[in-house]
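What follows is a short report on a single structure.
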Amino acid sequence: MSGWNADFANDPFDDYNLIVEILFNDEDVAVIKQGEDGLEMKWYATNKDLIIPVEWLNGLLSEAKERLNRA
């Protein structure tokens, strides 16, 4: 899982609601936040392919669902 990280933070542009920032090599590559119909993930365009560890992403999505729904 080298290079992958996620930070739970408050979004100053959305009334400080809780979000999850996904980082690869310390660069923002995506964000997960609560939308009207459930969790939404926005993946930012990159100029190179990224190999995402699925087990890590699955665990992150489960944790995000739990924590963002509580907020």
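The values are calculated or read from the model by the stated rules, or taken from the named source; none is laboratory data. Note that this is a predicted model, so its numbers are computed, not measured. Here the Cβ positions follow ideal geometry from the backbone for every residue, glycine too, while neighbour counts run over all protein chains shown. Calculation scope for accessible area: heavy atoms of the full protein, side chains included, ligands and nucleic acids excluded. Shrake-Rupley method; radii C 1.70, N 1.55, O 1.52, S 1.80 Å.
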Report the paramagnetic label zone for Lys48: residues of the stretch 4-40 whose backbone N is under 20 Å from a point 7 Å from Cα along the Cα-to-Cβ axis.
4-6, 22-31
With every protein chain kept in place and a 1.4 Å probe, the stretch 10-69 has an accessible area per residue in Å² of 74
At most 16 other Cβ atoms within 10 Å and a DSSP loop assignment: could you name the chymotrypsin sites (Phe, Trp or Tyr not before Pro) in the stretch 12-71 that fit?
Phe13, Tyr16, Tyr44
Rounded to the nearest 500 deg cm²/dmol, what is the calculated helix-only ellipticity per residue at 222 nm for the chain, with -39500 (n - 2.57) per DSSP H run of length n ≥ 4?
-8000 deg cm²/dmol
Label point distance in nm, Glu40-Glu27, each placed 7 Å from Cα along Cα→Cβ
2.5
So how many Å³ per residue does the convex hull of the Cα atoms of the chain work out to?
97
Part-to-part distance (alpha-carbon centres) for the stretch 42-71 and the stretch 1-38, which is given in Å
8
Dividing the mean separation of Cα pairs under 8 Å (6+ apart) by the residue count of the chain yields a relative contact order in percent of 24
Over the chain, with every protein chain in place, what whole percent of the accessible area is carbon and sulfur at 1.4 Å, could you tell me?
45
Whole-Hz ³J(HN,Hα) from phi, Karplus 6.51 cos²θ - 1.76 cosθ + 1.60, for the stretch 60-71, glycine and proline x:
5, 5, 5, 5, 4, 4, 5, 6, 6, 6, 6, 5
Which residues qualify? For Trp4, with a placed amide H closer than 5 Å and at least 5 residues away or on another chain, they are Asn25
Could you derive backbone 3J(HN,Hα) for the stretch 9-21 from the dihedral phi with the Karplus parameters 6.51, -1.76 and 1.60 (θ = phi - 60°), listing whole Hz in sequence and x where the residue is Gly or Pro?
8, 9, 8, x, 8, 9, 6, 6, 5, 6, 9, 10, 9
For the chain, with +1 on Lys and Arg beta carbons and -1 on Asp and Glu, the positive-most of Ala45, Leu68, Pro12 along the dipole:
Leu68
Where trypsin sites (Lys or Arg not before Pro) fall in DSSP loop in the chain, at most 15 other Cβ within 10 Å
Lys48
Magnitude of the Cβ-charge dipole of the chain, K/R +1 and D/E -1, about the Cα centre, nearest 20 debye?
160
Using θ = phi - 60° and the Karplus relation 6.51 cos²θ - 1.76 cosθ + 1.60, list the HN-Hα couplings for the stretch 22-33 in order, rounded to whole Hz, with x at every Gly or Pro.
9, 10, 10, 6, 6, 10, 4, 10, 6, 9, 10, 8
